[in-house]
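Read the structure below first, then the notes.
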Amino acid sequence: MSDPLAYAIDLHTHSLRSDGALSPVELVRRAAGRGVLIQALSDHDTLAGVAEAIAEGERLGVRVIPATELNTESEWGDVHILGYFLDPADQALEERLRWLRENRGRRIELMVERLATLGFPVTLERVHAIAQGGALGRPHLAQALLEAGYVPSYDEAFRTLISKESPAYVARVGLTPHEAVRLVRDHGGVPALAHPFTADRLEIVLPQLVDAGLAGIECYYGSHGVADTVRYLALAARYDLVPTGGSDFHGRGEHGAPLGGLWMPPATVDALGSRRRSAHALEASPYHDLPVERPN
Ligand SMILES: [Zn+2]
Ligand SMILES: [Zn+2]
């Protein structure tokens, strides 16, 4: 079996602690086997997998950076904020993350009820079993729908039943993008915007997030073409953001890049680390009034 070597850094990966398919230990082993040297474990709304990932990383020579990914609710589309260098032992942070996970769970419960009334019954127990104790998400629901034979594929479950414009969709209750950035900053972490193409009207939302303390933007991403990467690198330069990148690996092949499959400059991690500060000072931002060109 050929398993092509990966690049050295991957700053966006998911394990079973949220909606990934591999345990944190398996994920780090897979990364190490591919030649990854620095990996952020960025499960949704939790740092629960970080300790075991770090321990396995120490054994195998992979530096594991604690991280989380926060989905947000707003008029700006899918704005996901990655928070790097957070402390898994921070109890106040864990309280907030638990609140987000509970909201996630309630939302999935509502979607299960809606699916039943639409004629696609799956049990909440089965969805929990698929999640194996991780933070519940729509991927688990898609898996349950696939298993029950209602759809021919995982992607089809999303497309026809549980994506945003689909009949069983229920919106989440959660943080706004601004609150997500502040949450990361307030707990000593470094916030970065994930897969910026999923945000609507980036030219408006990005300066606001920079004002709130955003420090990075994911320029290197599996589904980006060269023109996308160039565009986001230009935004990074304009707003003094660290260009980050990652595979967004979940282990089911549903996202663009294999583990460690994105190149980014070797200095990325140090640059991101240099943006840590204990409390983000609310200085006046010079970026309020700058227009942003949109090439398309
Ligand atoms: Zn995301
Ligand atoms: Zn992700």
Item to check | Rg over Rh, two decimals, segment 1-100 (C-alpha only, Kirkwood Rh) | outcome: 1.00
Item to check | Choice from Leu214, Leu86, Leu193 with maximal GNM fluctuation in the chain (Cα, 10 Å cutoff) | outcome: Leu86
Item to check | MRE, 222 nm, helices only [DSSP H, n ≥ 4, -39500 (n - 2.57), over the chain, to nearest 500] | outcome: -11500 deg cm²/dmol
Item to check | Where only C-alpha atoms are counted, convex hull volume of the chain per residue in Å³ | outcome: 132 Å³
Checklist entry - For segment 148-247, how big is the tail of P(r) above 15 Å, as a whole percent of Cα pairs? => result 68 percent
Checklist entry - Taking R0 as 30 Å, what's the FRET efficiency between Asp78 and Thr123 from their Cβ-Cβ distance, rounded to 0.05? => result 0.60
Next on the checklist: Given bins 10 angstrom wide, list per bin the percent of all Cα-Cα distances in segment 86-128, short to long.
Outcome noted: 26, 35, 23, 14, 2
Item to check | 10 Å-binned pair-distance histogram of segment 52-124 (Cα, whole percent) | outcome: 16, 30, 30, 19, 6, 0
Next on the checklist: How large is the Rg to Rh ratio of segment 101-187 when both quantities use alpha carbon positions and Rh follows Kirkwood?
Outcome noted: 1.03
Checklist entry - Taking springs between alpha-carbon atoms closer than 10 angstrom, which of Ala194, Ala135, Ala116 fluctuates most in the Gaussian network model of the chain? => result Ala116
Next on the checklist: Can you tell me which of Leu241, Leu146, Leu47 moves the most in a GNM of the chain? Springs connect C-alpha atoms under 10 Å apart.
Outcome noted: Leu146
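None of the figures in this text is laboratory data; all of them are computed from the coordinates on show. All of these numbers come straight from a predicted model, not from anything done at the bench. Note that each Cβ is placed from the backbone with ideal geometry, even for glycine, and that neighbours are counted across all protein chains shown.
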